[in-house]
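Worksheet: one structure, shown below.
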Amino acid sequence: MIDLNVLVRSGALALRMLMRSRVRLVLTVLGIATASFLFTAERSVRDGVREATQASAQETRLIVYRANRFCPFTSRVPEAYVDEIARIDGVASVAPMQIAVSNCRASLDVIVFRGVRAIDAERILAKRLRIKEGSLADFLARGDGALVGSALAERRNLRVGDRFNSAGVTVTVAGIADADGPQDRNACYVQLPFLQSALGGIIGGEVTQFEVEVSDPSELQAVAAAIDRRFANDRAPTSTRSERAFAARAAEDIVTISRFAGLLAYGALAAIFALVANAIVLSLEGRAREFAILQSIGFRAPSIAWMILVEAAGLSLCGALIGAGTAQLVLTFGHFGLGAEGVLVEFRPSLAGLTTSMLASLLVGVAAGFVPAILASRRGIAEGTRLA
Amino acid sequence: MIHDHAKSTSVANHAWIRARKLRKVYRKALRDGVQEIVPLAALDLEIARGDFVSLMGPSGSGKTTLLNLLAGIDAATSGELWIGDHNLVHMRRDALAAWRAKEVGIIFQSYNLVPVLTAFENVELPLLLSPLGRRERTERAMEALTTVGLADRAGHFPSQLSGGQEQRVAIARAIVARPPLLLADEPTGDLDRESAELVLQLLDQLNEREKMTIVMVTHDPRAAARARTRLFLEKGELARREEAVP
């Protein structure tokens, strides 16, 4: 039977011995921290992609786009469609929306302007956005007023009253708003006529898309099909998808990047495994005598194996804390997001991501120490102490 | 005055350590077969409790192998080796470790202190396996360091100590758990004359005052002269036994 007291004391002894081997500790921990940073960052990309694109049974929002168009600059549908869409069964509300982006391709710093009618701003935005600074009234009162999503405001360091220009559109920040969805958190809402005019279009002419709310989530696909059927033979046929399906298609490149980044995450875990195993195996070669001394004193083989596992756990946990912790800080304060064709994927840190990184590093580290631990505990004591 | 018992096997009436036909064979794989090395052929030996024994003999005579077997850190190929009520030959590795923690202190020629631990922490190591609390462990470790005259070096790392001091710390570590048996492998082999004398005085004290049974391998006749019983090994067998007559 293994004495719990001895396990605790030998574990503490292993950590003390590890802390005293500073060069080995620092170099190994730095390596693990780097790998853990990559792993955590990749997790946040994957989580962001999932949040933006994964379909949900509770979805009620549809995006009506011009058929066979994939970029906000080329999707043009008559604003007049709004009344016809509103008449389709199952549609609760519909809002025409003009989209303008600073960069159509995949980019880390995209500004997405969303032009909405004043009536829709009062009806829809008031529900979806939580205004932290400024007010909806200020937004409606100013022609060039903008309601800026909180993530975009933090990324660009914007405050109420600031003026900024992007994609040829100059606006004044009338409010900063938080939201549950990544698209709203990163959007810059302006009034539709203002945006249509700023882009050189005709007020009341064409818009990029319609946002449609359906009354029953189970009717989502049926309503989408009904909308597309209605305009199939019109001058601007439409393609209607759920908001997340639309995001998944628009952000196809980002999804592909995310899949590739997933491979990097596994690579990071493999690096942690290799680093811990290497650090332990190399140190065992030099410390065969130390462990033999402990065994000659009376430490049993399981205690020796336990000490090596504690050391592996200590190394990986320490590295994971630094790496994953740094990644969380960088992601929290960096407000990174990747945009493509007007759809934004946020890289948001989460407690679940941090926990997963820590656990993954810990498990991989302990697994890496397992074989060396068994081997070290089975070594001959006499040869280790050079007594023979 | 020395009394000679050549190849005697029954000196003590109350032998505490008893070896019967103790044999150790190392097998070494060679390209054209297996080579057998027999450091201990069929050793018969008895040592009384409380004795101070020196083990002497030429290189390869089996001294260190015998010490390893007595310490339970190597396993005999055949025969019997009793220490008190324990037949070490039939004990499993874990049982030997538990027995060693309570019954044996080992002093190595090359000190074998853990370099990343202080003198105090090295001495405290065997007590981590005992049920003693922190305060008692500290007291016992400091007491052992005081015994070897190094209480003021408790916070020093081995690299900050001289060879003689390192060996005294190793002795403190070997005695801190108060084992009845102390095994020393060339404890003065790496020391200058003055340090060697200090170490031998310590062993004398431990034998006389603490009644520890000491078995010491040595090549040094002066060190061997401190022992009450001198055993001479040759080719893995006991060649001669000498006892100092009080």
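A:V26 fails exactly one of the following numbered conditions: (1) among the β-branched types (V, I, T); (2) free of Cβ contacts under 8 Å to residues at least 12 places away in the same chain; (3) within 14 Å of chain B (Cβ to nearest Cβ). What is the number of that condition? Looking at each condition in turn, A:V26 falls short on (3). Scanning region B:153-176 for residues that are buried (at least 22 other Cβ atoms within 10 Å of the Cβ) and among the small types (G, A, S) returns B:A170, B:A172, B:A174.
Here is a list: A:L15, A:L7. Which entry is out of contact with any strand residue (DSSP E or B) (no Cβ under 7 Å at 6 or more places or on another chain), in a helix (DSSP H, G or I) and within 11 Å of chain B (Cβ to nearest Cβ)? Every option except A:L7 fails the conditions.
For the criterion of being away from every other protein chain (no Cβ under 14 Å) and over 16 Å from the mean Cα position of the chain (by Cα), B:Q160 fails. Taken together, the residues in region B:181-227 that are away from chain A (no Cβ under 14 Å) and either within 24 Å of A:G298 (Cβ to Cβ) or among the basic types (K, R) (or both) amount to 15.
Taken together, the residues in region B:28-53 that are open to solvent by less than 60 Å² (accessible area, probe 1.4 Å) and assigned to a loop (DSSP other than H, G, I, E, B) amount to 2. Take B:L128 and decide whether it is without any contact (Cβ under 8 Å) to a residue 24 or more places away in the chain and facing chain A (nearest Cβ under 9 Å). The answer is yes for B:L128. In region A:124-155, of all residues being open to solvent by 90 Å² or more (accessible area, probe 1.4 Å) and touching a strand residue (DSSP E or B) at 6+ places or on another chain (Cβ under 7 Å), the one that is farthest from A:A177 (Cα to Cα) corresponds to A:R142.
Quick check: anything in region A:189-211 farther than 24 Å from A:V112 by Cα, open to solvent by 20 Å² or more (accessible area, probe 1.4 Å) and touching a residue at least 60 places away in the same chain (Cβ under 8 Å)?
no
Can you tell me which residue is farthest from the other protein chains (Cβ to nearest Cβ) among those in region A:352-374 that are within 12 Å of A:T40 (Cβ to Cβ) and of a type outside the set (V, I, T)? My answer is A:A352.
Looking only at region B:63-101, residues that are within 12 Å of another protein chain (Cβ to nearest Cβ), free of Cβ contacts under 8 Å to residues at least 60 places away in the same chain and hydrophobic (A, V, I, L, M, F, W, C) come to 8 in all. Residues in region B:131-146 that are part of a helix (DSSP H, G or I) and either open to solvent by less than 90 Å² (accessible area, probe 1.4 Å) or within 10 Å of chain A (Cβ to nearest Cβ) (or both): B:R134, B:E136, B:R137, B:T138, B:R140, B:A141, B:M142, B:A144, B:L145, B:T146. Checking each residue in region A:119-129 for being modelled with pLDDT under 85 and not in a helix (DSSP H, G or I) picks out no residue at all.
Is it the case that A:V77 is within 14 Å of chain B (Cβ to nearest Cβ), open to solvent by less than 40 Å² (accessible area, probe 1.4 Å) and farther than 30 Å from A:T355 by Cβ?
No: the conditions fail for A:V77.
Do you know which of the residues in region B:105-119 that are crowded, with 24+ Cβ neighbours inside 10 Å and over 13 Å from the mean Cα position of the chain (by Cα) is nearest to the other protein chains (Cβ to nearest Cβ)? The selected residue is B:N112.
Those helices (runs of 4 or more DSSP H) of region B:159-236 in which 1 or more residues are touching a Ser or Thr at 6+ places or on another chain (Cβ under 8 Å) and under 24 Å from B:N122 (Cα atoms) occupy B:163-175, B:193-208.
Evaluate region A:290-299: report whether one residue or more is crowded, with 19+ Cβ neighbours inside 10 Å, at pLDDT 80 or above and away from every other protein chain (no Cβ under 14 Å).
Checked region A:290-299: no residue is crowded, with 19+ Cβ neighbours inside 10 Å, at pLDDT 80 or above and away from every other protein chain (no Cβ under 14 Å).
Listed by first and then second residue, the pairs with beta-carbon distance under 6 Å, at least 6 apart or on different chains, first residue in region A:375-388 and more than 7 Å from every other protein chain (Cβ to nearest Cβ), second crowded, with 16+ Cβ neighbours inside 10 Å and modelled with pLDDT under 80, are A:A376/A:L284.
The values are calculated or read from the model by the stated rules, or taken from the named source; none is laboratory data. All values derive from a computational prediction rather than experimental measurement. Every residue, glycine among them, receives a Cβ derived from its backbone with ideal geometry; neighbour counts consider all protein chains shown. Please note that ligands, DNA and RNA were not included when accessible areas were found on the heavy atoms of the full protein model with its side chains. Shrake-Rupley method; radii C 1.70, N 1.55, O 1.52, S 1.80 Å.
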